[in-house]
Structures are given as structure tokens and as C-alpha cells.
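Quick note: the coordinates plus some simple rules give every number you see, no bench work behind them. Every value quoted in this text rests on a predicted model; they were computed, and no experiment measured them. Methodologically, a virtual Cβ is constructed for each residue, glycine included, from the backbone with ideal geometry; neighbour enumeration extends over all protein chains shown.
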Amino acid sequence: MVNFENPVLPGFYPDPSICRVGDDYYLVNSSFEFFPGIPLFHSRDLVHWEQIGHVLTRRSQIDLEDENPSKGIWAPTIRENKGRFYVSATNMSHGGNFFVYTDEIRGEWSDPIWVRQGGIDPSLFFDEDGKVYFASTYDMPGGQAIGQSMIDIMTGELLTDTKIIWRGSGGKYPEGPHMYVKDGWYYLLAAEGGTEYGHMITMARGRSPWGPFESCPDNPILTHRDTMLDRFQAIGHGDITDTSEGDWWIVFHGIRTSQYMLHHLGRETMTAPVRWDQGGWPVINGGKLITPHMRAERLPGDGRQGRDWRQYADGKYTERLKWNFIKNPEMSDYTVSESGRELLLHGTDVTLNDGKSPTFVGRRQQHFCMCTEVRIKCRPQTADAFAGMTVYHTNEHHYDFGITNHGGRLRLLLRKHVGDMETTDMYSLPECETYILLRIEADRLEYRFSAGPDGEHMQYFGSGRTQLLSTECMVMTFTGCYIGLFAEKGAEAVFGEFRYAER
Ligand code: 6LW
């Protein structure tokens, strides 16, 4: 037996989809209004994932102009066929369903090929006879089902009408469809119940890709909707894979609540072993709940890579993959020094509140208890110019800590923006030569903001509740908190060493 930990990708990594090529596994997640779009990961044991890129890296692939928070890119599916990788997804406000492809998984992906099928959560299925199916949600009056068409994979053209193939097992919002063929059955996996606390994973099967599909007698095959709130919640939206050893695994997402019915880290990617019972239906994790500490017969490959968080926290700006921008960034506002050790941000008139593309670059908060800090050199000359570090969930929910110009004086500012309320607390700058160190420490309930000339002489300036940056306090988000560096209103800021570490 081996032990492993969930979530395997902590922080905002929802709607995971997985595919296998030989001994290599690839995984993608939704990215919503953040750029570049669709983070892409590689693993050999399903437990340790290394980000190897993003799928959508060019404006021609991804337009996020004026997208509201949690719109943008939804629910990708990754598949491989004859050496070519495909990712299908939905761009919520700019074109709907599409897929892109690449023959080089670590290279660039194609421009989108649009598929004229409504709904969300598009998934490609390559049947053994060469036919290609495109499934998604299907909107019906007063409800939702899973719809499917056959498409031309070269052009995206529909070769058939979109037909309803399954109405789900009875839960609301059947979505996230994925088709697999095994032992003469076509298995259709879906999510139901909505992505909140009633979320679940269900399955059906039929003898043809068009069905009819019979619902698994044990549906939902995975849910935590009836578990106590200290367990993982909102478990759903999965995708399964076999291994080269002949085992089966599922990836899915779930949340960790910080306190009663609140979460702020987003929906996180988790995994569990799958076996098939005598009747040919999947049993996930031996029918047991999903827990932080998991056991399995074995992991694919040698399964011996150690979990090493340093790769997530080495603080080099040149190590770019985990950093994101908001919507359509203007790249000339971001300059990396030649040594790669300094980042210069140019603040425009767009602020973090505006719902556009502020000068912001951030990485996900992946742990309740973390400490993050950055050195900043900034002498804003114009009124309201402001630059520093932010805990950012949406343009309406963020805590910002940094240096501003107030009435011609340099001040330290802690600004908390929550819904239509904003507090601004101004303080004298700590004495320092050039750089000021900004630090944010977090636990489950609170962020604490401090600053000083160096790590030894830090002064505490204030705190903010995690509660007010939680998804449930907003008009529902599908994302999670980022730790970001930002500049606004003409501020020119030089950021030195950045650190992020679990505490
Ligand atoms: C996604 C849907 C869902 O399209 O949430 O949890 C939506 N599942 O399948 C956005 O992530």
C-alpha cells in the first residue's frame, strides 16, 4: 500500500480533466478570467504534478475583454488521439465552445476551432472506429441534460444534430460529461447537483455512444453532500483514466471550508483510486470518503517522487508558469530585469476595483496557513498612486497592502475592498533605505499585514478576515484567492525577492 495526500493540486484548480499517453499523464483546469488560460500539468504517478505550460497563451486564442469574474474559460477536457493533443473548453462571453490542438504538448497550441453547439463543459470522445463525438450540457426548458453531436475534427463542423443522450440520475445540472469505452460498454461520466455543497459524480452506460444510457444503480458514485462540514465538500466534476499497469484512477475537485460553509481557496484538484465491481460499475476509493490522507494499492510508475513545495515557492520571477494576469494584460506594463530578480510594474489608471485589466500579476494561495512576502521599492509621485501586495479574489473582494501617495506624502496603505464597502487605513512608512518588506501571513480565519526594513524588524499594521474573501460572500465565484503584486494610478514599483511558503 502507498500513502498520498489530497488535494494533489491545492488552491484554485477546478474542473480537472486528465489523459494518459504511455506512462505520462496530463491534466488541465479551468482558468476563468485569468491569463494565460488553462494551466497544463504533467505527472507520472498521478499525485505529484508539475506545471508544464498553459494551453491558451495568445490573444488570438483567448479574449477575456470585459468578462465578469468567473466567466471566461470554463471546464476544459484534454484528450490525445494519434499523437495529437486536444483541449476543448468554453469561452463564456467570446464565442462559446471550441477546441485547440497541438502535436507538441510542451509547445504552442492552435487557434480555437469553434464548434456550433450550445451549452458548457464540452468533451471530445474519439471512438475506436474513428468517429469523433462532442458532448456538452444541453439546455432544455426548465432543465439541463447532456447533449452530443458527431463532429469533423478537422473543422469543428457538426456532422449530426445535437441530441440529448442522458438526463442524469435525477440531480440538478447534469454537466461535465466524459465518455469512455471499456469492455464493450460506452461509459458516460457526469457531474450533477451543481458545483456547490450538493455536488456529485454520476455514471451511466450504454452499448452505443448514442445510448440508450442506463444509470449506475449506485449513483452518485462519488459525493460528500451528506458528510459533516469538516470533511472535503462540493466534490464533483471528475475525469477517469486507466494506467499502464491496468489500474484506474479518477481526478475531481472539492473544497476545504475555512469555517462554517465558507471557502476562499477555490475548488482544488483531488484524486482517488477506482476499481470496477463484478457488474462492471466503478467503485471510487473502495466506497470510502475522500480524505486528506489517502491510501492506495499502488501509484503508477514508481510513485516515489517526494512532495516538494519548494518548486511552488522559489520566488524567481523567471519561473513564470504559476503566475497569472487578469483578463487581457498590457504586457508593456510588466518588465523583468535582466537578472530576473526584479519586476517593474507600471500602474495605469485601471485599479483593482475596476473589473478590467489592472497591472497585476499573481499566484494562487494554496494553503490556509501561509506566509508570503515581497520587497518593494516605490516612491509614488502622483495622488492616489498605489503599489504593493494584494490578496485578490475578485475586483470586488480584495485586501491590498503597499505604498501610496497621500496628499503629497508617502504612506503605507491597507485598503480592504469588500462588495460596495472600502476601508483605507494610512500609516507612516517604516524607516528603511530603499526597499520595504511587505508581509502577509494567513491562517484559516485571518490575514495579517506587516511591513518593515527587513524580516527582523517587522511591524504589524492590521488584519482582514478570510470570511469576506470567500466564494459564499460573493455572487458565487468559481475561482479562489490569489496573492498578487499590483500597481495603480501611475505608480512605478520595483519588486525584489518574492516568497510564498506554507506555514
Ligand atoms: C463548470 C461546471 C462546474 O463548467 O462548474 O463544478 C462550472 N462544475 O461543470 C465552472 O467551473
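The table below lists the values:
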read-out: Distance violations [Cα-Cα > 29 Å] among Lys71/Lys489; Lys172/Lys416; Lys322/Lys377; Lys288/Lys327; value: Lys172/Lys416; Lys288/Lys327
read-out: Spin-label pair Asp127/Arg225, simplified geometry with 7 Å Cα→Cβ offset, distance in nm; value: 3.1 nm
read-out: Relative contact order (%) - criterion: Cα under 8 Å, at least six apart; region: the chain; value: 14 percent
read-out: Spatially proximal aspartates and glutamates relative to Lys356 (Cα-Cα < 16 Å; intrachain offsets below 8 disregarded); value: Glu33, Asp63, Glu65, Asp66, Glu67, Glu330, Asp333, Glu396, Glu488
read-out: Within segment 52-173: Cβ-based charge dipole about Cα centre, in debye rounded to nearest 20 (Lys, Arg +1; Asp, Glu -1); value: 300 debye
read-out: Cβ-placed point charges (K, R +1; D, E -1), dipole of segment 368-502 about Cα centre in debye, nearest 20; value: 200 debye
read-out: Amide H contacts of Thr359 (H built 1.01 Å from N, under 5 Å, at least 5 apart or other chain); value: Thr348, Ala487
read-out: Dipole of segment 62-217 [Lys/Arg +1, Asp/Glu -1 at C-beta], most positive-end residue of Ser149, Gly211, Leu124; value: Gly211
read-out: Three-way shape call for segment 38-84 based on the alpha-carbon gyration tensor, with the a/c threshold at 1.5; value: prolate
read-out: Relative contact order (percent, whole number), segment 327-478, Cα cutoff 8 Å, 6+ residue spacing; value: 16 percent
read-out: Dipole magnitude of the chain, debye to nearest 20 (Cβ charges: Lys/Arg +1, Asp/Glu -1, about Cα centre); value: 560 debye
read-out: Glu431-Glu472 FRET efficiency (beta carbon distance; Förster radius 35 Å; 0.05 resolution); value: 0.25
